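The values are calculated or read from the model by the stated rules, or taken from the named source; none is laboratory data. What you are looking at is a predicted structure, and each value in this text was computed from that prediction instead of being measured. Here the Cβ positions follow ideal geometry from the backbone for every residue, glycine too, while neighbour counts run over all protein chains shown.
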């Protein structure tokens, strides 16, 4: 990918943005028609084409005059949610205030401005558009469709203009803006474009007011996703793994006696042992509970972006959602080499786990083999390992066979063109989200 292409596309994008902020759709159509007629209607002053040209030009000039002397001394405050769902329109309140008497809070429009829509040359050169290999040689060489895809990805969704119309409050106007997120991850606004439209709605005049804001877009959750059955190397009851948790009260088994320390309950003092030893002794109880599950998301791939990786993240989020409904979230969430503890099945823990998936990125600097020791250690004490991968190759299949040999229940979710493995087929689920 050549640098001159990058410079062309960058300059063209900035020019288009300026045009978008100066003309409405109707204004652009009328302007194109007006100047197209120059080549046909200026030979005589009586032709119909000249009349149309003159009328179009008059409308544009009248619109321009109506926008003169407009002040844009505004400030605004938006109230963005912390997390939103991919593909679902987000509506949020905005308060717009005038900073001086010349700024009129009437007939105004509001549009969010993305923080950094233009990719760097390094990202442009290294990031392939999904399906780029199917394009012809010219398109691949020029990289225009790659550029367009990267711009859309950086913007993160659809930016629509909103009319500043609502109730007056706190010295300003409270109105509702909207945004449609089209990818997961963090989306950042750099500010907003506040503008007036001309009397005929052909031209715009406004100002970009800097005011950063951001929110997190969670992976898409499939409500119909079901928790697969726990199939381990041996799935009978004798091989179910348990762990001991310290408990107090009746109904729990006595584990041992120890010296009494301040803060221990007097009810648990073992008086007979205390009398013999001459010092207070207290009883310790325990309860056997399910050792819990582990979720592993494989992010060891070289591509900057992968549709298959997005699919497994959506599947992992869908499984977390199903497990949270049953109040049985996994105890650990692995995203490659990063380990995140999930202390309980509360909504807060669920939200934190989803946020981790929303921010997951590829780890091109490391290899899958580097995480095996940690994964096997977790598998030895876990009842089930849910394994998600977008690269179901022989190395991963070999590791999963070793994991199954540790008497650990495994469930494998994979995306892409990989083939099923005969030995692991009963644990496998092919992800094919559209």
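Where the second residue is part of a helix (DSSP H, G or I) and the first is in contact (Cβ under 8 Å) with a residue 60 or more places away in the chain and lies in region 22-34, which pairs have Cβ atoms under 6 Å and are six or more apart or on separate chains?
30/56
Any idea which of (1) in contact with a helix residue (DSSP H, G or I) (Cβ under 6 Å, 6 or more places away or on another chain); (2) modelled with pLDDT of 90 or more is the one residue 159 doesn't satisfy?
(1)
Check off (1) modelled with pLDDT of 90 or more; (2) under 17 Å from residue 79 (Cβ atoms) for residue 170 and give me the number that stays unchecked.
Going through the list (1) modelled with pLDDT of 90 or more; (2) under 17 Å from residue 79 (Cβ atoms), residue 170 breaks only (1).
With respect to residue 180, determine if the residue is touching a strand residue (DSSP E or B) at 6+ places or on another chain (Cβ under 6 Å), surrounded by fewer than 16 Cβ atoms within 10 Å (Cβ to Cβ) and not in a strand (DSSP E or B).
Numbers: touching a strand residue (DSSP E or B) at 6+ places or on another chain (Cβ under 6 Å): yes; surrounded by fewer than 16 Cβ atoms within 10 Å (Cβ to Cβ): yes; not in a strand (DSSP E or B): no.
Considered against the rule, which asks whether it is touching a strand residue (DSSP E or B) at 6+ places or on another chain (Cβ under 6 Å), surrounded by fewer than 16 Cβ atoms within 10 Å (Cβ to Cβ) and not in a strand (DSSP E or B), residue 180 comes out as no.
Run down 404, 378 and say which single residue is more than 18 Å from residue 308 (Cα to Cα), touching a helix residue (DSSP H, G or I) at 6+ places or on another chain (Cβ under 8 Å) and modelled with pLDDT under 90. Let's see the steps before the verdict.
Working: 378 fails: touching a helix residue (DSSP H, G or I) at 6+ places or on another chain (Cβ under 8 Å).
Exactly one residue qualifies, and that residue is 404.
Return the only residue of 65, 84, 94, 52 being assigned by TED's automatic domain parsing to the domain that holds residue 179, at pLDDT 90 or above and in a helix (DSSP H, G or I).
Details: 84 fails: in a helix (DSSP H, G or I); 94 fails: in a helix (DSSP H, G or I); 52 fails: at pLDDT 90 or above.
Exactly one residue qualifies, and that residue is 65.
Could you grab me the full set of residues in region 384-410 that are closer than 20 Å to residue 318 by Cα and surrounded by fewer than 22 Cβ atoms within 10 Å (Cβ to Cβ)?
Within region 384-410, just 391 meets the criteria.
Among the candidates 214, 224, single out the residue that is at pLDDT 80 or above, within 30 Å of residue 80 (Cα to Cα) and not assigned by TED's automatic domain parsing to the domain that holds residue 82. If you could, list the steps in order and put the result at the bottom.
Working: 214 fails: not assigned by TED's automatic domain parsing to the domain that holds residue 82.
Among 214, 224, only 224 is at pLDDT 80 or above, within 30 Å of residue 80 (Cα to Cα) and not assigned by TED's automatic domain parsing to the domain that holds residue 82.
Which of (1) assigned to a loop (DSSP other than H, G, I, E, B); (2) free of Cβ contacts under 8 Å to residues at least 40 places away in the same chain does residue 403 not meet, given it meets every other one?
Residue 403 satisfies every listed condition except (1).
How many residues, within region 97-127, are crowded, with 17+ Cβ neighbours inside 10 Å, modelled with pLDDT under 90 and over 24 Å from the mean Cα position of the chain (by Cα)?
1
May I ask you to list the residues in region 195-204 that are part of a strand (DSSP E or B) and either buried (at least 21 other Cβ atoms within 10 Å of the Cβ) or in the same structural domain as residue 362 (by TED's automatic domain parsing) (or both)?
Start the filter on region 195-204 by keeping residues that are part of a strand (DSSP E or B), which leaves 195-197, 203-204.
Within region 195-204, 195, 197, 203, 204 qualify.
Of the residues that make up region 345-365, is at least one under 21 Å from residue 326 (Cβ atoms), outside the structural domain of residue 185 (by TED's automatic domain parsing) and exposed (fewer than 13 other Cβ atoms within 10 Å of the Cβ)?
The answer is yes, given that some residue of region 345-365 is under 21 Å from residue 326 (Cβ atoms), outside the structural domain of residue 185 (by TED's automatic domain parsing) and exposed (fewer than 13 other Cβ atoms within 10 Å of the Cβ).
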